[in-house]
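See structure below.
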Amino acid sequence: MFKHRTHKIPALNTTSTADISFMLLIFFLVTTSMDRDQGLQRQLPPLDNDKQEQLTDVSRENVMKLEIDEKGQLFVDDSLTAMGQLRQRVVAFAGQEQQRTKHILQVKTAPKSDYDTYFHLQNEIVAAYRQLREKRALQVYHKAYSRCSDQQREALQQYYPQRVAEEYSDNPNVDDNDNVNVN
C-alpha cells in the first residue's frame, strides 16, 4: 500500500580535504621563517647563597677595562673607543705572550646602558678570541680551528683562555674600579 520512499541524505565530498590540508601544511612550513634565537651562550654560576665571592688581586698591567656608559659609548682603559676597534685591541692585549694566561678583560656596564651595545661588545670579545685561536690553529695544526679535533680545540682554548670578569652593580653610585672579581 504505502511505499516507503528512501530519502537520499546529501553528503559532502571529502576526498580532497586531506590533500588540501596537506598542501596548506606544506605551504606554511615553507613560508614560515625559522629564525634562530640570538643571544649569548653563557653558563651562569650555580645559585649558592652561602658561597662568598673570591676576590683576587691582579696587577693593573694584566687588566683591560671595558666600560659602557649610559649613552652607549665604549671606553677601553678610560679612553673612548669605537666598537669596530675593540676586536683589534683585545687581540693585541690577549695575544701578548706574557699576557696570554694572566690577562683579564674587566667588563663594566652602566645600569641604564643599551643592551645592543653590550651584545656587540660581547660579540667582539668572542670574535677576538676566535681570531687568536684560528691563527694558533693554523700555526700548530696547519688547519682551520673549525676543522680541528675536540682535543686540539681544547688545547687551543687552554692556550688562549677567555678570561672575562663582569662587574655587576645594583647601585649606580658605587664605584668599584680597583677590585676585580674572578670566578
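The values are calculated or read from the model by the stated rules, or taken from the named source; none is laboratory data. The model shown is predicted, which means the values in this text are computed figures rather than measured ones. For neighbour counting, all protein chains shown are included, and Cβ atoms are generated from backbone atoms with ideal geometry for every residue, glycine included.
Of all residues in the range 130-150, those satisfying the criterion of being aliphatic (A, V, I, L, M) and farther than 12 Å from Val91 by Cβ are Ala137, Leu138, Val140, Ala144. Farther than 12 Å from Tyr160 by Cα and not acidic (Asp, Glu): is that true of Ala137 in this structure? So Ala137 does not fit the description; no. Summed over the range 146-170, residues that are part of a helix (DSSP H, G or I) and closer than 23 Å to Leu105 by Cα total 7.
Among the residues of the range 1-33, what is the count of those that are among the aliphatic types (A, V, I, L, M) and at pLDDT below 80?
Restricting attention to the range 1-33, the residues satisfying the condition of being among the aliphatic types (A, V, I, L, M) are 1, 9, 11-12, 18, 20, 23-26, 29-30.
Filter once more, keeping what is at pLDDT below 80: 1, 9, 11-12.
Summing the residues that are among the aliphatic types (A, V, I, L, M) and at pLDDT below 80 in the range 1-33 gives 4.
The residue pairs whose first member lies in the range 147-160 and is more than 18 Å from His103 (Cα to Cα), whose second member is outside any helix (DSSP H, G or I), and whose beta carbons are closer than 7 Å, counting only pairs six or more residues apart or on different chains, are Cys148/Tyr141; Gln152/Tyr141.
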